[in-house]
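The values are calculated or read from the model by the stated rules, or taken from the named source; none is laboratory data. Small disclaimer: the values here were computed from a predicted structure and weren't measured. All Cβ positions, even for glycine, are placed from backbone atoms using ideal geometry, and neighbour counts span all protein chains on display. In case anyone asks, the SASA skips ligands and DNA or RNA and just uses the protein heavy atoms, side chains included. Shrake-Rupley method; radii C 1.70, N 1.55, O 1.52, S 1.80 Å.
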Amino acid sequence: MNIPSNLKYTKDHEWVLLEGDVATVGITDFAQKELGDIVYVEVETLDQTLDKDEVFGTVEAVKTVSDLFLPMAGEIVEFNEDLESAPETVNSDPYGKGWMIKVKVADTSAYDALLSADAYAELIGA
């Protein structure tokens, strides 16, 4: 199971990389394996400001549809448009080209409250 140590994680299986006051968000390797083949990623919240834990989009796999929860409050400033034509990138490269959104974070100290790689590994039993 791939759990990069330079990222933070949520109990909802999203990963976060904070650079300045912009957080890049995607779903973890564990999540994409649990979902199976991803066929569609929908984010209709671009340019909206959302609170932590609000739904910012959905990911659709062959067997299920799952909500995506915002790990840190802020304004969604970018959506990975490559996922519109190639949603399977989330399966093949969840921590790289499979990123989903970028968020201009309201309070960067919230990053410290997210799970470390070790805590996330313990959560999923890895």
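The table below gives the values:
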item	result
Mean ellipticity per residue at 222 nm, deg cm²/dmol - from DSSP H runs of n ≥ 4 across the chain, formula -39500 (n - 2.57)	-4000 deg cm²/dmol
Of K33/K104; K52/K104; K63/K97; K11/K97; K63/K102; K8/K52, those spanning more than 20 Å from alpha-carbon to alpha-carbon	K33/K104; K63/K97; K11/K97; K63/K102
Percent of C-alpha pairs per 10 Å bin, the chain, short to long	14, 49, 34, 3
HN-Hα J in Hz across the range 102-119 - Karplus 6.51, -1.76, 1.60, θ = phi - 60°, x for Gly and Pro	10, 10, 7, 7, 6, 9, 5, 5, 5, 4, 5, 7, 6, 6, 6, 4, 5, 5
Extension gain (nm, one decimal) between V62 and E42, 0.36 nm per residue minus Cα-Cα	5.7 nm
Solvent-accessible heavy-atom area per residue, rounded to whole Å², over the chain at 1.4 Å	52
Most positive-pole-ward Cα, Q48, N2, V22, against dipole of the range 1-65 from beta carbon charges	N2
Sulfur and carbon atoms: percent of accessible area, the chain [1.4 Å]	44
